[in-house]
Structures are given as C-alpha cells and as structure tokens.
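Next up is a structure, given as structure tokens.
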Amino acid sequence: MSTAATDPVNRGAATTLVSGDVRRHNLAIVTRFLVSNGPSSRSQISDGTGLTRGTVTALAAALTDAGIVRESGPIVNGTKGRPLTLLKLAADDMALLALQLDADQATALVVSLAGETLFRHTEQHGRPMGRPDVVLDVAARVLKAGLDATAALQRRIADLTVVVFAPVGGEPAQVLADTDLGWDTVDVIGGLRARNPDLPPTVRLSPDASVAALAEHSKLTGVRDMLYLKSNSGIGGALIVAGRLVEGAHGFAGALGHLPIDHDGALCLCGQHGCLVTVAGPDVVLAAAGLGENLERDGLTAALTELTRRIRAGEKRATAAWDDAAVWVARALQILTISFDPEVIVLGGYWADLVEPVRRAFVRNHPTIAGARLWTDPQVMPGQLGDDAALLGTVWIARDRLLEDPLNIAI
Ligand SMILES: [Zn+2]
C-alpha cells in the first residue's frame, strides 16, 4: 500500500474526488483497527496503521461526530503516568441481522458491529417438500423475532442479509432452484417482505456455501485458491480463485452437489443423472446408515449429529455408509482439483468431522505422468467454523461492507 493511500496529510495537492476516496479509505482503516484491537489510544492507532497522529485525530473526530466511535477513559498510562483517552467502537444503536434458511430450520442471529451476539433464535420448519410458502411462514416468524429483539434493544438494523441453502441469481435476487426442498425459482425476499411489510428497504440474499467459504477462507493465512465443499442441507460448494469467489455467468458456479459424477446414476431433481447429491447427499447417507427414521422423526440436523456420533464410535453400518459416500466425494474432489488446482480443500458442514475417509480416497488416486506425480496434492482439511460458518460469514461480510464506508452506515 502506498504512503499516499494511507496518509492524505502528506499527499499535497490532491483532487477533491481522490481526497474523498482516500479519506473514506482512512476512516475504514481506523474503524477496522478498533474492531480488530479493541479500545485504543490515538497514538496506538497511529502506530498500528501508519497514519500520522494528526490524521488519526481528524478521522477520530469525524467518527465520533457520527456516533461510530466514542471516547472512554481517561485511564492512567502505566509507563508514563499520563492520563490516556481511549477510542472505542460505539455504534451502540446499530445491529447486523442475519437470517439463515436451510433444509431443516430457520435461524435469526443479531450481532453488534463489534461481533457480540445480541440475539439468536431457531425454529424447525419440518421440511415440507415443494411448499415454499410453509417454509417462508416459519422463516418470517423467526425473522420477526430478530427484528423485535433488535427493536427491544433500541438498535437499528445496519444490515439485513438472508442466507439460503441454494444458488442465488437474478434481479432482484431469488433462489434459483433447490432440490433439498423441491423448490423451483422462489422469491424469498419478496415472500418475507409480504409477511413482514416493515422490513428495511435493502435486504440481501446470499447462498450459504459462498459466505461459509469466505468465512473459512478468512481463517487461512496466505491461501489464494481454495475449494470448499460442504454437506448439511444437501451438498454445496464454492470456488475461491486468487482470493475471490467465483460466481459464474448465472450464479451457479460452485453448486457442486450437482456435479454429475455417476454416469448411469439416478435421475436428480435438477434433471441430470448421477449428481453428487444422489450418491453422497445427506438423505442417501442417512438411509444407508439406517437412520431414515431418525431423519423423519428428529429432522435433518439431529439425524446428521447422530450419524456423526455413530461413525466416530465405529458403528459398522454408519461407517460403511460414510466410507461408500466418501469415495464419491473424493472423486468429485479429484475432478475439481484437475479443473482449477486449489492449494487447499476445505470440507464443511457435518463432513468437517469426517474428513479422513475422504482424504484417504482422494490421495489414493493421484494424477501421474510417466510414473511421476504431476503436482503436490492439495491439503484436504476440515472447516474451522462448524455449523455456524455461513452465519458468521454473513455477518462478517456485512460488517466489512459497512466499515468500507463508516460514515454512511445505514440501509
Ligand atoms: Zn442434480
């Protein structure tokens, strides 16, 4: 980063437009520093960011006036004995709201700008196949609980994002299709707005695998090319190339559950034969493991927890079911690895606890030329964020988006 970009004081006669951009950039640097480091003095911010003291003082004044930052203290500086005033992220009147809708349940999460969880509520929707209205009724109720809780905390919503278990596209954004609930195109935001007319004007819609992948990617240092594949609601995935999410021409890039992997396989609801989800999807693995009744009775999340418990305990039927599925997952990884050569493969959802059989099957089948290895195998590793990867990714992305332009935090 150039000096000019980080310190407008030293830039000389810049144009007004560039100065404005640089100032916004510097405001974002200060707020991000406070998010990462907690309450800090002006000199700590200056030392940590490379901005001059004078610049930090001017930026802090603008952020304080806008209610984004607040002074706390003074406290006594232990080494020099002088009183020290700390700046802290205020924004006490703001909240980020994420609503996650998957094939089993709807969850509302409300967090502060600093990442503190303020409210969380989940309801199961019973997975009524092909009936989006029933699912949206439950989602709208959960969303309303989140909106009411935010209002009761006397906060306003600075970002509201709905994260769904399916590919998203179109304008306005809609769920394009989902086989786990038997959905065709569904206008989720429109359906929620019809049920909650007082929603904020801007509501974003994101596919869960994409935001989960970005959250997992943010936990890895120095990784540019990452393949993410997860299973809970069906199978989803995402490709991150050169640090950026690949969306594709129609938003379908990374819909890896529909990688047509078994040439003579069963017809998938997407219209292809032998998709990965037809041979390694959660319903298939649960049925093979003898957990079909648990799925019916307890719902998908509880059934997958029981499946994972049985596999880790070495129960024969569950282990055999997963070993069979893992071979298909590994084959998918093989195809994707030769397609875009990732450094790291991250397995998320319930697969994060069951990586080893996939890794074994994956490394058994190296690409070779004249007996020599073509490359070093990418590392196959579990996701670090558990079931909350998509929710965390959603609020982290929302926070980053807001901090890009901290004086305009409003929707
Ligand atoms: Zn399919």
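Sorted by accessible area with a 1.4 angstrom probe, largest first, how do ARG244, ARG156, ARG53 fall?
ARG244, ARG53, ARG156
As a test, work out the antiparallel percent of DSSP beta bridges whose residues both lie in the chain, rounded to the nearest 5.
65
In whole percent, what relative contact order does the stretch 220-383 give with Cα contacts below 8 Å and a gap of six or more residues?
It comes to 23 percent, rounded to a whole number.
How many percent of DSSP beta bridges within the stretch 53-181 run antiparallel, rounded to 5?
Taking every DSSP beta bridge within the stretch 53-181, about 70 percent pair in antiparallel fashion.
Restricting everything to alpha-carbon atoms, can you work out Rg to Rh for the stretch 163-300 with a Kirkwood hydrodynamic radius?
1.00
A further question follows. Among THR31, PRO342, GLY222, whose Cα sits farthest toward the positive end of the charge dipole of the chain (+1 at Cβ of Lys/Arg, -1 at Cβ of Asp/Glu, about the Cα centre)?
Result: THR31, furthest along the dipole toward the positive end.
Next question, about the same structure. With +1 on the Cβ of every Lys and Arg and -1 on the Cβ of every Asp and Glu, and nothing else charged, how large is the dipole of the stretch 215-333 about its Cα centre, in debye rounded to the nearest 20?
With Lys and Arg at +1 and Asp and Glu at -1, about 400 debye.
From Cα pairs below 8 angstrom and at least 6 apart in sequence, can you work out the relative contact order of the chain, rounded to a whole percent?
RCO, the chain: 14 percent.
I've got another one for you. For the chain, what is the convex hull (Cα atoms) projected area averaged across all directions, in square nanometres?
25.2
Another question, then. Rounded to the nearest 500, what is the chain's calculated 222 nm mean residue ellipticity when only DSSP H runs of at least 4 contribute -39500 (n - 2.57) each, over all residues?
So the calculated ellipticity at 222 nm is -12500 deg cm²/dmol.
Okay, next question. Measuring from the lowest to the highest alpha carbon on each principal axis, how far does the stretch 220-383 reach, largest first, in angstroms?
The Cα atoms of the stretch 220-383 stretch 46, 36, 36 Å along the principal axes, largest first.
Now for a separate question. Could you sort HIS273, HIS125, HIS263, HIS250 by their accessible area in this structure, using a 1.4 Å probe and putting the largest first?
Reading off the accessible areas and sorting them downward yields HIS263, HIS250, HIS273, HIS125.
With unit charges on the beta carbon (Lys/Arg positive, Asp/Glu negative), name the residue among SER112, THR278, ALA361 whose Cα is farthest towards the positive pole of the charge dipole of the chain.
Toward the positive end, the furthest listed residue is SER112.
The values are calculated or read from the model by the stated rules, or taken from the named source; none is laboratory data. All figures in this text were calculated on a predicted structure; none of them were measured in a lab. Note that we place each Cβ from the backbone using ideal geometry, even for glycine, and neighbour counts take in every protein chain shown. Surface areas here come from the heavy atoms of the whole protein model, side chains and all, with no ligands, DNA or RNA. Shrake-Rupley method; radii C 1.70, N 1.55, O 1.52, S 1.80 Å.
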